[in-house]
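Here is the structure we will look at, set down as structure tokens.
The values are calculated or read from the model by the stated rules, or taken from the named source; none is laboratory data. If you're wondering where the values come from, they're calculated on a predicted model, not measured in any experiment. For neighbour counting, all protein chains shown are included, and Cβ atoms are generated from backbone atoms with ideal geometry for every residue, glycine included.
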Amino acid sequence: MQEALYASGIAVRRYFVDVHIDTKRRHHVVYDGQGIRRLGSLTDIPAEKGDEVYVDTLFGAIYDEVQELLKRGVRVFVLKRTDILPRLRRANNIEKSHENDAKILSMIDSTYYHEICEDEIKLRELIVEYNKCLKLLKMMQQLNGKSKAFKEAQLIIRREKARLARRINKVAEKAISSYNKVCDALKLSYGSFYGRAALADILLHIDFGRGLRKILSYLGRHQHNRGHYNGRLKKVLESLSISVYKKQKIRAREQVEILKTIRRILAGGPA
């Protein structure tokens, strides 16, 4: 992918970023097509309106940084599939390092990136808060407290969970173009806000352009995944399936049918 291109005679600069995701490395590694920079924040990238920033991943700690770039008119793209990086390293005999990964990002075709909008960042933030509620409720269920104060705390968190689910639904309608169409195909009514929240999470975090077998493996639904899968999204798929089929015991093949339906709709097939 070219480091710079021209739109209406104006140079568009591109920056490729290996973002830091741990406390040991407190800087992002940025490649601008000519050299490497190490910056403490994405907002330190000298990108202006119309410029483009490509990142290898997104996570809660950098949402504010991404929002600031978007407000400046910078276009932000995230890599759909991080497994591309190790494959390109092997194919080009490149040693693993943050600097090399930033350069490799510039070699990846633009079709492997997804453009981020402000509504999507809002949606991701809501999903993070929603998942915190789920974890709290699960922990409280395990504690099985009997006091009045405990029960009242549970009720407050359940109400917050419901509020967030409804909010996720509203934002997802703006952030994900195919959201309502997939909801209709799965027969998820507006009243099924927990199921719709699960669907928004699935649509945000799974690349349905991949083959069905790879998606199933990523979700722990393929016999040859060797135990390597995303446990959180596996539970999200189970939650979505419960809402779709309106029962608690869900078979694996029923979850497969849901994924097939989503892939068909996203590929432009009939509802």
* Asked: Of all residues in segment 183-227, which are surrounded by fewer than 15 Cβ atoms within 10 Å (Cβ to Cβ) and in contact with a Ser or Thr (Cβ under 8 Å, 6 or more places away or on another chain)?
  -> HIS224
* To do: List every residue pair whose Cβ atoms lie under 9 Å apart, where the two residues are 6 or more positions apart in sequence or sit on different chains, the first residue falls within segment 169-181 and is within 17 Å of GLU115 (Cα to Cα) and assigned by TED's automatic domain parsing to the domain that holds THR261, and the second residue, located anywhere, is in a helix (DSSP H, G or I) and of a type in the set (Gly, Ala, Ser).
  => VAL171/ALA200; ALA172/ALA197; ALA172/ALA200; ALA175/ALA200; ILE176/ALA200; TYR179/ALA172; TYR179/ALA200
* Asked: Does LYS234 satisfy the criteria of being on the phi > 0 side of the Ramachandran plot and either of a type outside the set (Gly, Ala, Ser) or part of a helix (DSSP H, G or I) (or both)?
  -> no
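For (1) buried (at least 16 other Cβ atoms within 10 Å of the Cβ); (2) more than 20 Å from the chain's Cα centre (by Cα), each residue gets a yes or a no:
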| residue | (1), (2) |
| --- | --- |
| ALA91 | no, yes |
| VAL128 | no, no |
| LEU134 | yes, no |
| ASN144 | no, yes |
| ALA153 | no, yes |
* Considering only residues that are part of a loop (DSSP other than H, G, I, E, B) and modelled with pLDDT of 90 or more, look in segment 211-229 and name the one that is nearest to ARG81 (Cα to Cα). => GLY211
* Going by the structure shown, is ILE206 among the aliphatic types (A, V, I, L, M) and closer than 17 Å to SER177 by Cα? -> yes
* Structure fact -> If we keep only residues of segment 248-271 that are in contact with a Ser or Thr (Cβ under 8 Å, 6 or more places away or on another chain) and assigned to a helix (DSSP H, G or I), then the residue surrounded by the fewest Cβ atoms within 10 Å (Cβ to Cβ) is GLU254
* When only residues in segment 168-177 that are at pLDDT 95 or above and surrounded by fewer than 19 Cβ atoms within 10 Å (Cβ to Cβ) count, which is nearest to VAL256 (Cα to Cα)? -> GLU173
* Among (1) of a type outside the set (A, V, I, L, M, F, W, C); (2) within 30 Å of GLU160 (Cα to Cα); (3) not assigned by TED's automatic domain parsing to the domain that holds LYS151 - the single one LYS138 does not satisfy -> (3)
* To do: Could you please give the count of residues in segment 37-62 that are outside any loop (DSSP other than H, G, I, E, B), surrounded by 14 or more Cβ atoms within 10 Å (Cβ to Cβ) and not polar (S, T, N, Q)?
  => 10
* Asked: What number of residues in segment 183-198 are of a type outside the set (A, V, I, L, M), in a helix (DSSP H, G or I) and over 30 Å from ASN144 (Cα atoms)?
  -> 2
* Between residues in segment 210-223 that are touching a residue at least 24 places away in the same chain (Cβ under 8 Å) and among the basic types (Lys, Arg) and residues that are assigned to a helix (DSSP H, G or I) and crowded, with 19+ Cβ neighbours inside 10 Å, which pairs lie under 9 Å by C-beta distance while being six or more apart or on different chains? -> ARG210/TYR218; ARG221/ILE215; ARG221/LEU237; ARG221/GLN255; ARG221/LEU259
* Looking at ASP201, is it of a type in the set (Asp, Glu) and part of a helix (DSSP H, G or I)? -> yes
